Amino acid sequence: MTDHNPALENLLTETRAFAPSEEFAAAANAKEDLYAHAESDRLEFWAEQARQYLTWDTPFTEVLDFSGAPTARWFADGRLNAAYNAVDRHVEAGNGDRVAILFEGEPGDTRTLTYADLQREVSKAANALDALGVKTGDRVAIYLPMIPEAVIAMLACARIGAAHSVVFGGFSAEALYSRIIDADATAVITADGGYRRGKPSTLKPAVDDALAKGETNVKHVLVVRRTEQDVAWTEGRDVWWHDALGEASEEHTPVAVEAEHPLFILYTSGTTGKPKGILHTTGGYLTQAAYTHWNVFDLKPETDIYWCSADVGWVTGHSYITYGPLINGATQVMYEGTPDTPHQGRWWEIVEKYGVTILYTAPTAIRTCMKWGEEIPGKFDLSSLRVLGSVGEPINPEAWMWYRRVIGGDKAPIVDTWWQTETGAIMISPLPGVTATKPGSAQVPLPGISVSIWDDAGEAVGPGGGGYLVLDEPWPSMLRGIWGDEQRFKDTYWSRFPGTYFAGDGAKYDEDGDVWLLGRVDDVMNISGHRLSTTEIESALVSHEWVAEAAVVGASDDTTGQAVVAFVILRGEAQEKADEVGEGEDVVAALRNHVASEIGPIAKPRSILVVAELPKTRSGKIMRRLLRDVAENRQVGDVTTLADSSVMDPISSGMKGAS
Ligand code: WTA
């Protein structure tokens, strides 16, 4: 990265800052002194957190052993059980009647599970797995919709010391098969189906297809009945969940495992090649999941109603639905369906209905709601919300401000949380009672976390400098490897800067020393020797009143190395205005000029294509690789990980028409 980077300076002109109210700050779980406390003795700090947030069967005496770097061992001589920590100890402490899960099905059916209910269900499920021959150390694939059984199944695995491998319900049979094979799973937990977009969608047939693709070691498939659709049945292999749990005892003794015992494998949807099975273990992962959940969301377990809108098929669902919140004794909402079923106000209706106080969601969802118009959330009482979280991609200042004003009533602090499947838990985020938040910046490493930004040569840059985000000290919830592929683990994360974890993200410090994430480094473009971030240009486009969403890619260009190509979705009301202005050409010209005036002529997109949809993965990430194929007039690559693979056709033909 060059030192002088005019293109990025635009991001750094953000001067708005929102300090927490005095009242919020005074009552906050995390105060300013947490930073100094962590800094005084980082390892001792983590040992304290591990004791504070978790109950250990055998207390640990060792904190960190990094002699086997890059694989760390945290709290390695301690023993504990994740499900006991998430469930039983709350019941033992007299909180069995506290609601753990407020479930809202997409069709409107509801269920309430207390911690005592969870203890019974998880124990029965653990006994059922045991009866089916699943053992400590085995792997179990979980392929379920967003229903309480997803959490129960994960905890039942953890209770017997089997690692779960949750596969997002939107993935295909092929993806499920490759994950079953890679992890060598011996059982699958699924459902007949789930509700999405107003109708039942199926899951069991994909499991049947997956298991028919080749030899696996799966002995049993446990099937939850959710939609009551007809399902094909393989006698001897398939077992109804309700039958297995119906016969099972409500008593089960959790298996105390070593702190470094595998808790789960989670495959990341790699953009190339075979998916990576990210391995997380027990003690360190749970410590950081609980610690971050407590401090970043300022959880008050007696009074808060927490809602994380992620799916348990993603790491956000693992750390901030299943493990963090339950370890902290939270009451949380779990919603099965899509935000626009049966109407575009469904989320806000849920916030009003349950009095949600903490909401954790993704920028893509926020921008979608912006596109639908603020009058929709405006119809609901959102005044209960007191903390808002964002995760998954950089949140552009425009969306951040909208989130704050329209959803947060101009008062709820926004915590923009940077982390990855690999980091296991939040790494960079404001603390809501301490940090004066800035629109678009994740700002500061959490107490106990060490982050640095390095240039090409591996030299740390200072305020105003940009480069590669690295994590230069081990952290408790760090991945312990890529399942079955130690070399790939080393090559992917530890070779760019030997011995230091390279996250794959570009980042920049502003003059205050706050961190701005600039997207994956493969999304950073080089235009005439100037580095430009796709994120920054997208942010500029979205700041135009006509634009709802934008995706920018760097397409190779003979003259400038790379050129900026943008794909934009116009806002509903803007489309009309745009039509008034005249032909599409004028819209494009106006937007190009807007980018030029926001950032500089260098950032002007070579071409802008107005589209109706953008290609997104099922987790909502824009697949820029496909847009780059279009921009470079190539055959569009593999579209199988798209939520809707048909969106590429109109984009490709639109591009041909434009060029
Ligand atoms: C990106 C999701 C900017 C980043 C928890 C990272 C973010 C990747 C943020 C990990 C954020 C996540 N600001 N970028 N607040 N959060 N990212 O593994 O590029 O699905 O490397 O984990 O998402 O995505 P993953």
(request) Would you point out the residue of the range 496-512, among those that are free of Cβ contacts under 8 Å to residues at least 60 places away in the same chain and out of contact with any strand residue (DSSP E or B) (no Cβ under 8 Å at 6 or more places or on another chain), that is farthest from the ligand (Cβ to nearest atom)? (result) Pro498
(message) If Leu469 meets every condition in (1) at pLDDT 95 or above; (2) more than 14 Å from the ligand (Cβ to nearest atom) apart from one, which number is that one?
(response) (2)
(message) When the residues of the range 262-275 are narrowed to those that are near the ligand (Cβ under 10 Å from one of its atoms) and assigned to a strand (DSSP E or B), which ends up modelled with the highest pLDDT?
(response) Leu266
(message) Need the failing condition index for Ile350 against (1) at pLDDT 95 or above; (2) closer than 16 Å to Asp311 by Cβ; (3) surrounded by 21 or more Cβ atoms within 10 Å (Cβ to Cβ), just the number.
(response) (3)
(request) Would you tally the residues in the range 355-383 being more than 23 Å from the chain's Cα centre (by Cα) and closer than 18 Å to Thr110 by Cβ? (result) 2
(request) Considering only the range 164-186, state which residues are buried (at least 24 other Cβ atoms within 10 Å of the Cβ) and either over 22 Å from Thr617 (Cβ atoms) or at pLDDT below 95 (or both). (result) Val167, Gly169, Leu176, Arg179, Ala185
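Residues are listed down the side, and each one gets a yes or a no for (1) in contact with a strand residue (DSSP E or B) (Cβ under 8 Å, 6 or more places away or on another chain); (2) without any contact (Cβ under 8 Å) to a residue 60 or more places away in the chain; (3) over 26 Å from Thr114 (Cα atoms):
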site: Arg179; (1), (2), (3): yes, no, yes
site: His220; (1), (2), (3): yes, no, yes
site: Thr227; (1), (2), (3): yes, yes, no
site: Leu245; (1), (2), (3): no, no, no
site: Ala259; (1), (2), (3): yes, no, yes
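Identify, please: which residue in the range 380-416 is among the aromatic types (Phe, Trp, Tyr) and more than 13 Å from the ligand (Cβ to nearest atom) and is, among those, farthest from Ser319 (Cα to Cα)?
Residue satisfying both the conditions and the ranking: Phe380.
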(request) Scan the range 25-44 for residues that are over 13 Å from Asn295 (Cα atoms) and not acidic (Asp, Glu) and jot them down. (result) Ala26, Ala36, His37, Ala38, Ser40, Arg42, Leu43
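Check Ala603, Ala563, Ala590 and return the single one that is surrounded by fewer than 22 Cβ atoms within 10 Å (Cβ to Cβ), under 31 Å from the mean Cα position of the chain (by Cα) and at pLDDT 80 or above.
Ala563
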(message) With the structure loaded, tell me whether Tyr468 is closer than 28 Å to Ser543 by Cα and outside any loop (DSSP other than H, G, I, E, B) or whether it fails that test.
(response) yes
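Results for (1) within 30 Å of Glu473 (Cβ to Cβ); (2) of a type in the set (Gly, Ala, Ser); (3) touching a Phe, Trp or Tyr at 6+ places or on another chain (Cβ under 6 Å), shown as yes or no for each residue.
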site: Gly68; (1), (2), (3): yes, yes, no
site: Asp77; (1), (2), (3): yes, no, yes
site: Thr112; (1), (2), (3): no, no, no
site: Ala116; (1), (2), (3): no, yes, no
(request) Would you check if Ser556 is surrounded by fewer than 17 Cβ atoms within 10 Å (Cβ to Cβ), of a type in the set (Ser, Thr, Tyr) and over 23 Å from the mean Cα position of the chain (by Cα)? (result) yes
(request) Test Val239 against the stated conditions and say whether it is touching a strand residue (DSSP E or B) at 6+ places or on another chain (Cβ under 6 Å), part of a helix (DSSP H, G or I) and within 19 Å of Asp138 (Cβ to Cβ). (result) no
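The values are calculated or read from the model by the stated rules, or taken from the named source; none is laboratory data. Quick caveat, the model's predicted, so the values are computed rather than measured. Positions of Cβ are backbone-derived with ideal geometry, glycine not excepted, and every protein chain shown enters the neighbour counts.
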